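Structure, as structure tokens:
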Amino acid sequence: MKKEIAQIRQAIRDIPNFPKPGIIFKDITPLLGNGRLFKQTIDLLADRYRPQEVDIILGIESRGFIIGAALAYRLEAGFCIVRKPGKLPYETHRASYLLEYGSDTLEVHRDALQPNARVLIVDDLLATGGTASAAAELVQKLGGRVVECAFVIELSFLKGRERLKPHGVFSLIQYETE
Ligand code: AMP
């Protein structure tokens with residue numbers, strides 16, 4: 001397990017000053033490009049959530065779609081998409097949030113969840129937790145229940161975990177400093 005996590009960590013690339021000066025962007029494309037490590041990442045998440053009766057995964061645009069959809073397949077769960085404004089064709093609910101770099105709004109279809117659905121929120125990375133807490137707000141608007149928020153990467157020094165405390169956080173890899 002430790003060795004697998006270390007290998008996944010090594011496949012994540014730091015891109016300094018992207019998308020703006022001062023940000024170190026965690027680039028998961030080398031991880032996604034390695035079939036064995038991509039599978040390992042999904043399998044480790046699936047091991048945690050298989051016993052937890054997840055009805056549906058809510059994936060956050062856009063890297064949350066990649067991780068979330070693969071995990072949904074593995075868990076035989078549904079998949080629901082949360083997108084940036086103006087992309088979804090049907091009636092939506094909206095929630096706004098602050099990002100590590102800027103602010104944004106998320107949308108979800110009004111009929112995305114069954115009442116009381118057990119929902120796992122998935123994204124590639126947890127920074128300040130603004131994005132995932134907006135996603136959790138959408139789950140609540142839709143009448144679902146958040147099982148947990150799952151990430152491949154957690155930037156622990158930004159304390160997103162505290163912001164998401166009511167929902168619970170799990171991450172495979174943590175960075176304690178920038
Ligand atoms: P936050 O709302 O602050 O938790 O930011 C999380 C969202 O922004 C996720 O969708 C991430 O993909 C993206 N993000 C924020 N900071 C970074 C970073 N340093 N590297 C890569 N993605 C990031």
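Length available on full extension from Lys159 to Leu44: 0.36 nm per residue minus the Cα-Cα distance, which gives 39.1 nm.
The alpha carbons of the chain give a radius of gyration and a Dmax of 15.5, 45 Å, in that order. Spatially, segment 125-171 and segment 70-86 are offset by 15 Å when compared through their Cα centroids. Here the contact order of segment 52-175, divided by its residue count and restricted to Cα pairs under 8 Å and six or more residues apart, works out to 23 percent. How much mean residue ellipticity at 222 nm does the chain get from its helices, if each DSSP H run of length 4 or more adds -39500 (n - 2.57) and you divide by all residues, to the nearest 500 deg cm²/dmol? About -9000 deg cm²/dmol. Just the protein heavy atoms count here, and of the accessible area of segment 1-57 at 1.4 Å, carbon and sulfur take up 55 percent. In this label model, Leu88 and Glu4 are separated by 3.3 nm, measuring between points 7 Å along each Cα→Cβ vector.
Per residue Cα convex hull volume for segment 24-82, in cubic angstrom?
Cα-based convex hull of segment 24-82, divided per residue, equals 85 Å³.
Could you tally the net charge around Tyr175, taking each other residue with its Cβ under 11 Å from the Cβ of Tyr175, Lys/Arg +1 and Asp/Glu -1? It would help to have the intermediate numbers written out before the result.
On the way: positive: Arg9, Lys26; negative: Asp14, Glu154, Glu176, Glu178.
Within the 11 Å Cβ shell, the charges total -2.
GNM on the chain, alpha-carbon springs under 10 angstrom: the most fluctuating residue among Glu154, Glu107, Glu53 is Glu53. Summing charges over neighbours of Ile66, with a neighbour being any other residue whose Cβ is under 12 Å away from its Cβ, gives -2 when K and R count +1 and D and E count -1. In the Gaussian network model of the chain, springs joining C-alpha atoms below 10 Å, which of Asp43, Asp111, Asp55 carries the largest mean-square fluctuation? Comparing Asp43, Asp111, Asp55 in a Gaussian network model of the chain, the most mobile one is Asp111.
Report, ordered by chain and residue number, the lysines lying within cross-link reach of Lys39, taken as a straight Cα distance under 17 Å and ignoring same-chain residues fewer than 8 apart. By straight Cα distance, Lys39 reaches Lys2, Lys3.
List the chymotrypsin sites (Phe, Trp or Tyr not before Pro) in segment 73-178 that DSSP assigns to loop (not H, G, I, E or B) and whose Cβ has at most 15 other Cβ atoms within 10 Å. Which are they? Could you put the intermediate results ahead of the total?
Working: sites: Tyr73, Phe79, Tyr90, Tyr97, Tyr101, Phe151, Phe157, Phe170, Tyr175; in loops: Tyr90, Tyr101.
Passing sites in segment 73-178 are Tyr90, Tyr101.
Label zone of Asn116 (point 7 Å out along Cα→Cβ, amide N under 20 Å): in segment 127-156 this covers 139-148.
The values are calculated or read from the model by the stated rules, or taken from the named source; none is laboratory data. As the structure is a prediction and not an experimental result, all values here were calculated from the model. Cβ atoms come from the backbone with ideal geometry, glycine included; neighbour counts cover every protein chain shown. The protein model used for the area step is the full one, side chains on, heavy atoms only, and it has no ligands, DNA or RNA in it. Shrake-Rupley method; radii C 1.70, N 1.55, O 1.52, S 1.80 Å.
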